[in-house]
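Please read the structure below before turning to the comments.
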Amino acid sequence: MTEPGKNPKGFRNWLVMPLSAVSMGLMLLLAPDAHASGGGHGGDATSESSGPKEPEIPETVIQSDSIALTVVLPKVGAIRQMVFHVWLEASSVADRAILEQAEPKLQNAFLRDLQRIMYRDTQNRYDKLEAGKRGFVYNGPELIAPPPPKTPEELEAEKEAAEAAKENVEEIKSEPPFSPFPPTTNRYFAALQNRLLSTARGIVPPEAIRSVQVRKFYDNWPGDKKPGR
């Protein structure tokens, strides 16, 4: 596990062999962006910001170790190497402890999802994109800076509103903790994040996890490189 603000320390290497069964529903969901012009997923990915500085990461966010995945297409000898930087966003600081305890199980479950998804994706990209245009890099959208601290006047107004609601026996809804993640404009990675979130909510209490974020993705096809380059 990696604490907030620190870079991931390690990753796992895996070899994926052909799978006889793939989740067709998910692949159909991902398909519209899977082969976009200009290199597939990277067509939208390059539009995401890659600013040099990012706002401070809230305590609700866990920067997990990266997940490395290698896919091999034996019939054609194609090799694809991928690295996913996946972050977990807890619903509250208290829920962070739940995610930390379940993090190894979550990482293993994410890996199984990615093995199934990326084998079919690799086959499609190999068939539809020419060598040299298959690999790409994705960066998630630029993080949102936290709002400024509330003024004493704002805090006093909130206190008075809460007291009035209590007197009127009204439900008091607290604001959700600040999230630095805007929605990604890349439909492929939006669908992938939703799939991983669904998997996570089958392992931890659904209300404990707010989102799963793919912050960076590196895609390399070593066999596509020309000799001497």
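Across q = 0.09, 0.11 Å⁻¹, the range 62-178 modelled as identical point scatterers on its alpha-carbon atoms has Debye log10 I(q)/I(0) values of -0.50, -0.64, in the order of the q list. From most to least packed by mean Cβ count within 10 Å, the peptides 197-208, 99-110 give 99-110, 197-208. Each Lys and Arg contributes +1 and each Asp and Glu -1, all at the Cβ; summed about the Cα centre of the range 65-207, the dipole is approximately 1660 debye. Looking at the range 119-163, the accessible area is 65 square angstrom per residue; that uses a 1.4 Å probe and ignores ligands, DNA and RNA.
Here, P(r) means the percent of Cα pairs in each 10 Å bin from 0 to the largest distance; for the range 114-163 it is 18, 22, 14, 12, 12, 19, 4.
The values are calculated or read from the model by the stated rules, or taken from the named source; none is laboratory data. This one's a predicted model, so the numbers in the text were calculated from it and none came from an experiment. Here Cβ is always computed from backbone atoms with ideal geometry, including for glycine, and neighbour counts include all displayed protein chains. We work out accessible area using only protein heavy atoms, side chains counted, and drop any ligands, DNA or RNA first. Shrake-Rupley method; radii C 1.70, N 1.55, O 1.52, S 1.80 Å.
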